[in-house]
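Colleague: One structure follows; several queries about it will come next.
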Amino acid sequence: MSGVGRPRVVVAGLGDSGLLSAIHLARHVDVVGITAKPGLVSGQELGLRVARPEDWAREYWVAFDRYRRLDPARVVHGRLTGLDLDRRTVHLETAGGRALEETYDALLISTGVTNGFWRRPHLQTAEQVGTDLMAAHARLAAAGAIAVLGGGAAAVSTALNVATRWPSARVDLYYPADRLLTRHHPRVWHHVRQRLEAAGVRLHPGHRAAVPEGFECDRITEGPVEWTTGQPSAAADAVVWALGRVRPNTGWLPSHLLDEDGFVRVRPTLQSPADPRVFAVGDVAASDPLRSSARNRADRLVAANIRDHLAGRPLREFHPPGKRWGSVLGPQHDGLQVFAPSGRPFRFPAWSVRRVLQPWIVRRGIYGGVRPPTEG
Ligand SMILES: Cc1cc2nc3c(=O)[nH]c(=O)nc-3n(C[C@H](O)[C@H](O)[C@H](O)COP(=O)(O)OP(=O)(O)OC[C@H]3O[C@@H](n4cnc5c(N)ncnc54)[C@H](O)[C@@H]3O)c2cc1C
């Protein structure tokens, strides 16, 4: 329930960054979270998601009513359709098909990006999320030859995880440069290549896939795959398109809030230069060249800045590291390897991932408490 006279913050999009920001804000201001999905459906760990969907869902697909610190917020299941800056109002269509408006004192835009088959901004019920999840898994489980296209973390983690999950499948990883993970420190590539080769993934540098006309890389297809780099076409039973062709989910926003690529322009404080009541965080925010405010945990900073803005206090700035960092391969049988911006790996042993990292560091420390799932 809303407190009387407290400022109201609309959080537009409750994915990884929006959810955390809403959690930080909910004790201090009235939060209305608007979300196309019925819970957190994280964009993280694609490889684990397709290879072991039950394990992935335990940490990365979580109903909103399980987050204790989100309890004071009002969560609206709907799709944002417009923004009226003068009236401080967002427009949305609810899951039931009704048109609604919500007014705000401050707006946080965290609608993320569309990427591949696994990050799409359409309205979904819990059943539809579950069906999609299992369909991708079943498609790959039935494939004798799997081609993964792309050179970033999503492609690498998919190739490794499907190769270890289905050792009899042939797994080919095709990427355009001479190495993978070009936005990470070169040391990361060294470590990751060893893991891929040990798992039997066949590496194909210098292959740039030709994307068929009109195809948005939004589903798993069958081969053959053609190349713009001249090689003969490649056959596969299942092709995962992980080309990193991200599109910002900003079609509902006025264009003067956006940069030339359609991302939300922000100052280092994550505040819009066009409207001081508007902030952005996560993959949708043009905060730095890597748009890294999600993985660099700027949710806390943007929540503090929104409160400071509402109270007339000065704002703090986001300072991202210049290289990508974090987990690339996701949890494996020997633990979870996390790479620092310097490329140096740090490993959480397997026992500690289930017994310390997830329950204590992630669920308690990062999210402030997550209830067990209800049966049924
Ligand atoms: C704790 C944490 C750890 C991380 N660790 C790593 C790591 O180790 N390695 C790494 O590479 N990255 C990591 N990341 C970053 C991660 O890969 C992505 O950058 C992150 O998932 C992006 O989050 P987001 O909130 O911007 O987008 P999303 O999680 O995609 O959220 C956007 C949400 O908005 C919704 N939406 C979109 N349009 C609309 C609309 N019109 N109406 C309503 N809802 C809409 C979408 O459906 C979605 O739910 C981490 C992020 C976090 C928060």
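Colleague: Taking every eigenvalue of the Cα gyration tensor of the chain, multiplying by 5 and rooting it, what semi-axes result, largest first, whole Å?
Modeller: Rounded to whole Å, the semi-axes are 35, 22, 21.
Colleague: Another question, if that's okay. How many percent of DSSP beta bridges within segment 78-222 run antiparallel, rounded to 5?
Modeller: So the antiparallel bridges amount to about 60 percent of the total.
Colleague: Skipping prolines and chain starts, which residues have an amide H placed within reach, meaning under 5 Å, of the one on Leu83, given they are 5 or more residues away or on another chain?
Modeller: His91
Colleague: Let's test the formula: R0 of 25 Å, r as the Cβ-Cβ distance of Arg183 and Glu317. What FRET efficiency results, to the nearest 0.05?
Modeller: Approximately 0.65, to the nearest 0.05.
Colleague: Cα extents of segment 325-376 along the three principal axes, largest first, in whole Å?
Modeller: Answer, in whole Å and largest first: 41, 23, 17 Å.
Colleague: Test of understanding: what is the full-extension gain from His91 to Ile361, defined as 0.36 nm times their sequence separation minus their Cα-Cα distance?
Modeller: Full-extension gain reported as 93.6 nm.
Colleague: Using r as the Cβ-Cβ distance of Arg300 and Asp334, and R0 as 30 Å, what FRET efficiency do you calculate, to the nearest 0.05?
Modeller: Plugging the Cβ-Cβ distance into 1/(1 + (r/R0)^6) gives 0.45.
Colleague: Give me the percent relative contact order of the chain, please, defined on Cα pairs under 8 angstrom at least 6 residues apart.
Modeller: It rounds to 18 percent for the chain.
Colleague: Here's something else I'd like to know. Viscosity 1.306 mPa s, temperature 10 °C: what is the translational diffusion coefficient of segment 157-307 from Stokes-Einstein with a Kirkwood Rh over Cα pairs, rounded to a whole number of µm²/s?
Modeller: Rounded, D is 87 µm²/s.
Colleague: So, for the chain, what is the accessible surface per residue at a probe of 1.4 Å, expressed in square angstrom?
Modeller: Accessible area per residue, the chain: 46 Å².
Colleague: Next question. Taking only Cα atoms, what is the 0 to 90° angle, nearest 10, from helix 153-165's long axis to the longest principal axis of the chain?
Modeller: 50 degrees
Colleague: With unit charges on the beta carbon (Lys/Arg positive, Asp/Glu negative), name the residue among Gly18, Trp56, Ser110 whose Cα is farthest towards the positive pole of the charge dipole of segment 11-126.
Modeller: Comparing the listed Cα positions along the dipole, Trp56 ranks first.
Colleague: Restricting to the chain, compute how many DSSP beta bridges are antiparallel as a %, nearest 5.
Modeller: Here the share of antiparallel DSSP bridges comes out near 50 percent.
Colleague: Let me ask something else. Give, as a single signed number, the net charge of other residues whose beta carbon lies under 11 Å from the beta carbon of Val201, with Lys and Arg counted +1 and Asp and Glu -1.
Modeller: Neighbour charge sum, excluding Val201 itself: +2.
Colleague: In whole Å, how far is the Cα centre of segment 174-234 from that of segment 237-263?
Modeller: If we compute the Cα centre of each part, the gap is 21 Å.
Colleague: Can you give the % of DSSP beta bridges in segment 1-108 that are antiparallel, to the nearest 5?
Modeller: Antiparallel: roughly 55 percent of the beta bridges in segment 1-108.
Colleague: Taking Cα centroids, how far is segment 73-149 from segment 268-329 in Å?
Modeller: About 21 Å separates the Cα centre of segment 73-149 from the one of segment 268-329.
Colleague: Just the number, please: carbon plus sulfur as a percent of the accessible area of the chain, 1.4 Å probe, no ligands or DNA/RNA counted.
Modeller: Answer for the chain is 50 percent, counting heavy atoms of protein chains only.
Colleague: Follow-up. What is the ratio of the Cα radius of gyration of segment 278-376 to 2.2 N^0.38 Å, where N is its residue count, to two decimals?
Modeller: The value comes to 1.32.
The values are calculated or read from the model by the stated rules, or taken from the named source; none is laboratory data. Since the model is a prediction, treat every value here as computed from it, not as a measurement. So basically every Cβ, Gly included, is an ideal-geometry build from the backbone, and we count neighbours across all protein chains shown. Remember, those area values only see protein heavy atoms, side chains included, never the ligands or the DNA or RNA. Shrake-Rupley method; radii C 1.70, N 1.55, O 1.52, S 1.80 Å.
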